[in-house]
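J.: Structure in C-alpha cells, see below.
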Amino acid sequence: MVAKLARGVVRGFEILIVASLALMGILVFGNVVLRYAFNSGIAVSEELSRLLFVWLIFLGAVLASARHSHIGFDTLHRWVGPRARRGLIAFNGALILVGCVIFIVGGWQQTTINLGNSYPVLGISYAWLYGVALVFGVALIFPVCNNVLQALRGRDDDLTRDLGDRIEDLAERIEHETARPSRSNKEPS
C-alpha cells in the first residue's frame, strides 16, 4: 500500500516535471520566434518560465532523492564496514531532515510575507514562487526517512551504489542473459 502510494507520488512528480519542461520550452522558443520573426512576443513567457524552472529544480531534487540518483560523495561509505555505513547514512539523513525543517520554516515565512505581492505580468502572488520551498521541504522528508529506515534495517546496498555501479550490474546481467552455449560443445551428427 505504501509502496503503491510512493510510486504514485513519484509518477506525479515525473509528470509535473515533464509538463513544466515542455511548457518552458514552448514558451521560450515561441517567444524567440515571435520576437525575431514578427517583432512581437508572449508577455508572460519570462515570468512563467522562471517560475516553472524553480519548481522543476526543486521537484527534480525530490525525485532524484527518491531514485537514489542524486550527486553523492561515497568514498567514506566504501571505506567503512556495513555497521558504520548504516550509521553514516542515518547521520546524513538526520542532517538532511534538519535542512528540510529549515526549508519548511523559511518557505512558510517567505510564502506568508509575499502573499500580497504579485508578479507584474502574470498577476499571481509571489507566494507561488516561495511556496516551492515549503513543498520541497515536506516532500523530501519521505524519501530521506525511507533511506534511513532501509539503512537501519540493513538493506543499504542500493543506497550507496552510484550510477556507474548500477550500469555495470545491468551490463553483466544482460551479458549473462544473452550468453548462449557455444556450438563446439555439440556432438557431430
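No value in this document is a laboratory result; all are computed from the given coordinates. Being a predicted model, the structure only gives us computed values, none of them experimental. In this analysis, Cβ positions are derived from the backbone assuming ideal geometry, glycine residues included, and neighbour counts consider all displayed protein chains.
J.: Relative contact order for the chain: what percent, with Cα pairs under 8 Å and sequence separation of 6 or more?
T.: Values: 152 pairs, mean separation 38.4, N = 189.
In percent, rounded to a whole number, it is 20.
J.: Under 5 Å between amide H atoms, partner at least 5 residues away or on a different chain: which partners does SER118 have, H built in plane at 1.01 Å?
T.: HN-HN under 5 Å from SER118: TYR126.
J.: Let me ask you something else. First measure r as the distance between the Cβ atoms of LEU122 and ILE71, then evaluate 1/(1 + (r/R0)^6) with R0 = 30 Å and state the FRET efficiency to the nearest 0.05. Numbers along the way, then the final one.
T.: Values: r = 32 Å, r/R0 = 1.08.
The formula returns an efficiency of 0.40 here.
J.: Now, a different point. Can you tell me how the chain classifies by the Cα gyration tensor, rounded, prolate or oblate, using a/c under 1.5 as the rounded cut?
T.: oblate
J.: Full-extension gain between VAL28 and ALA61, please, as 0.36 nm times their residue separation minus the C-alpha to C-alpha distance.
T.: Working: separation 33, 0.36 × 33 = 11.88 nm, distance 2.30 nm.
Stretched fully, the VAL28-ALA61 segment lengthens by 9.6 nm.
J.: While we're here: So how do 144-152, 28-36 stack up, highest first, on mean other-Cβ count within 10 Å?
T.: Details: 144-152: 17.8, 28-36: 13.4.
Ranked from most to least packed, the peptides come out as 144-152, 28-36.
J.: Can you tell me the dipole magnitude for the chain around its Cα centre, using point charges on the Cβ only (Lys, Arg +1; Asp, Glu -1), in Debye to the nearest 20? Before the final figure, lay out the partial values.
T.: Details: 18 positive and 15 negative charges, 75 e Å.
It comes to approximately 360 debye.
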